[in-house]
Amino acid sequence: MKATKRKSPRAPLTFLIVGAGGRGFVYADLAKKIPGKAKVVAVAEPRDFHREKMAREHGIAPELVFRTWQEAAAAGRVADCVAICTQDADHEACVKAFAPLGYHILLEKPMAPTAAACRRIVAEVRRHGNVFAVCHVLRYTAYSRIVKKLVDSGRIGDIVTVEHLEPVGYWHQAHSFVRGNWRNEKESSFMLLAKACHDVDWLSFVIGRPCRRVSSFGSLSFFKRKNQPAGAADRCLDCRLSRKCPWSAKEFYFKRLADPKQHGWPLDVVDPTFTRKNLAKALREGPYGRCVFACDNDVVDHQVVNFEYEGGVTASFTMTAFAPMGGRRTRIFGTKGTIETDDSSTIRICDFLTGKTETIDTNASGSSMAGGHGGGDNGIMDAFCTAILENRPGLIVSGVDDTIESHLTVFAAERSRRSGRTVSLR
Ligand SMILES: NC(=O)c1ccc[n+]([C@@H]2O[C@H](COP(=O)([O-])OP(=O)(O)OC[C@H]3O[C@@H](n4cnc5c(N)ncnc54)[C@H](O)[C@@H]3O)[C@@H](O)[C@H]2O)c1
């Protein structure tokens, strides 16, 4: 682990937040929740409202408030760490700008939209020896740690096969993958990478073997013009069917506005001011007010992937828009027992020898589900900072090697979906 040029080994790590959007604010807020370990001292963000909000909330000195990551990089190293929270296509350029400056790097997933760009990021980080973690936050939840420990302990014998479901959620699909930032592959990434690189990575983490072959099917089946009901308008505010439509932006966002407890994600993406006037304007003019059958979306709304890992272990994965949003549902079938969950929180372990089932509530395990991604957001921030502060690199379980392995599996699965062929990784 590369030594940090820090004023005092006891001082908190300082952070530059690059991209003060949804994820940038998550990590900045978490820095406040782990005082003594992290402090936000700089921000780079082009949108005035978001940049000023972050500068205000963290008392950032004016000379460390930048409009873009390019400006921040030109200023040299202004903090110990950088959290790169720009959109997917910008990640590679950001890594190339900040790695040579010696920053410790927390990089949002996916690393980049192409396998070649991911490899270049890996090479850059290896060249400069930065402490580096990709925000595969699911690896850092209490739930995942417990499952991994159970599997590695041999409690269910050897894993033979795994069944894993990611219920993206009907409204989450509409918000992010039909109307929002990840709707269109050219502007972001394909859906398996944008949403389910977490799941492919989680399978790789738990199974702990290299993937050999993948096959995949899936398509955009529903959110298309041909499925727009007769009489529907292209803007939800103008639509007379809105009360009967589960996808109505008018119903969805105004209901959330009426409840102050819901003044966070996803409403803040549409209108961070939480006012009726600004929300109405955003729905009238912006992308989030569009009919889900009249958008420029092209990413899939359902996809399945089959995996074969070294030693013949198999897994099947389903990602679907057509479900309530909830925890991942997983069944791990071993030679001596099974591990099951329906919410990525409560685990049931069945033992073939005794026929008994033990239930573990991972919320009660001391590391709570509180916070985003089942506690994974807190988990990665804490692990990243502690790894640097206490020189314990093993706390980072989503470094370059783990991440490139699972990202390459995602790219192979997508090649299979497009080609209709099984794709070999090795
Ligand atoms: N780990 C997870 O589970 C998770 C969840 C959601 C999103 N993500 C990933 O996090 C990243 C950010 O997603 P988000 O939801 O925060 O998006 P966002 O659009 O809310 O935030 C991105 C921010 O980058 C800013 N930006 C654009 N150009 C910039 C520049 N030149 N310099 C500095 N900032 C610039 C934008 O103005 C915006 O505020 C994406 O890569 C996304 O795929 C990860």
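Readers should treat all values here as calculations from the given coordinates under stated rules, not as data from a laboratory. Values in this document were obtained by computation on a predicted structure and should not be read as measured data. Counting neighbours? That spans all protein chains shown, and the Cβs are built from the backbone with ideal geometry, glycine included.
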- Task: Run the quick spin-label model on residue 116 and residue 285: label points 7 Å from Cα toward the beta carbon, then report their separation in nm to one decimal.
- Result: 3.9
- Message: Using the basic label-point model (7 angstrom from Cα toward the beta carbon), what is the residue 276 to residue 93 distance in nanometres?
- Response: 4.2
- Task: Rank the residues 390, 308 as a footprinting-exposure proxy: fewest other Cβ atoms within 10 Å of their Cβ go first.
- Result: 390, 308
- Task: Mind telling me which of 43, 269, 400 comes out most flexible in a GNM of the chain, alpha-carbon contacts under 10 Å?
- Result: 269
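If you place +1 on the Cβ of every Lys and Arg, -1 on the Cβ of every Asp and Glu, and leave all else neutral, what size is the dipole of segment 225-289 about its Cα centre, to the nearest 20 Debye? It would help to have the intermediate numbers written out before the result.
Values: 14 positive and 7 negative charges, 51 e Å.
I would put it at about 240 debye.
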- Note on the structure: XL table 261/281; 109/261; 148/336; 39/186; Cα-Cα > 24 Å flagged, in table order, is 109/261; 39/186
- For the chain, the convex hull over Cα atoms projects on average to an area in nm² of 21.4
- Item | Calculated FRET value between residue 67 and residue 224, using beta carbons and R₀ = 25 Å, to 0.05 | 0.10
- Please report how far the C-alpha centroid of segment 274-341 lies from that of segment 16-67, rounded to the nearest whole angstrom. 29
- For residue 178, net neighbour charge (Lys/Arg +1, Asp/Glu -1) across residues whose Cβ lies under 15 Å away: +2
- Arrange the following residues from fewest to most other Cβ atoms within 10 Å of their Cβ: 120, 276. 276, 120
- Item | Mean separation of Cα contacts under 8 Å (6+ apart) over length of segment 221-359, as relative contact order % | 17
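State, to one decimal in nm², a quarter of the convex hull surface area for the C-alpha atoms of segment 220-283, i.e. the direction-averaged projected area. If you can, show how the numbers build up before the last one.
On the way: hull surface 19.8 nm².
If I average the Cα hull's projected area over directions, I get 5.0 nm².
How would you rank 337-345, 309-317, highest first, on the average number of other Cβ atoms within 10 Å across their residues? Before the final figure, lay out the partial values.
On the way: 337-345: 19.1, 309-317: 17.4.
By packing density, highest mean first, the sequence is 337-345, 309-317.
Summing -39500 (n - 2.57) over the DSSP H runs of n ≥ 4 in the chain and dividing by its residue number, what mean residue ellipticity at 222 nm do you reach, to the nearest 500 deg cm²/dmol?
Values: 13 runs with 135 residues, N = 426.
When only DSSP H runs of four or more count, the value is -9500 deg cm²/dmol.
Can you compute the charge dipole magnitude of the chain about its Cα centre, using +1 on each Lys and Arg Cβ and -1 on each Asp and Glu Cβ, nothing else charged? Give it in debye, rounded to the nearest 20. Intermediate values should be presented prior to the final figure.
Details: 62 positive and 46 negative charges, 90 e Å.
The calculation lands at about 440 debye.
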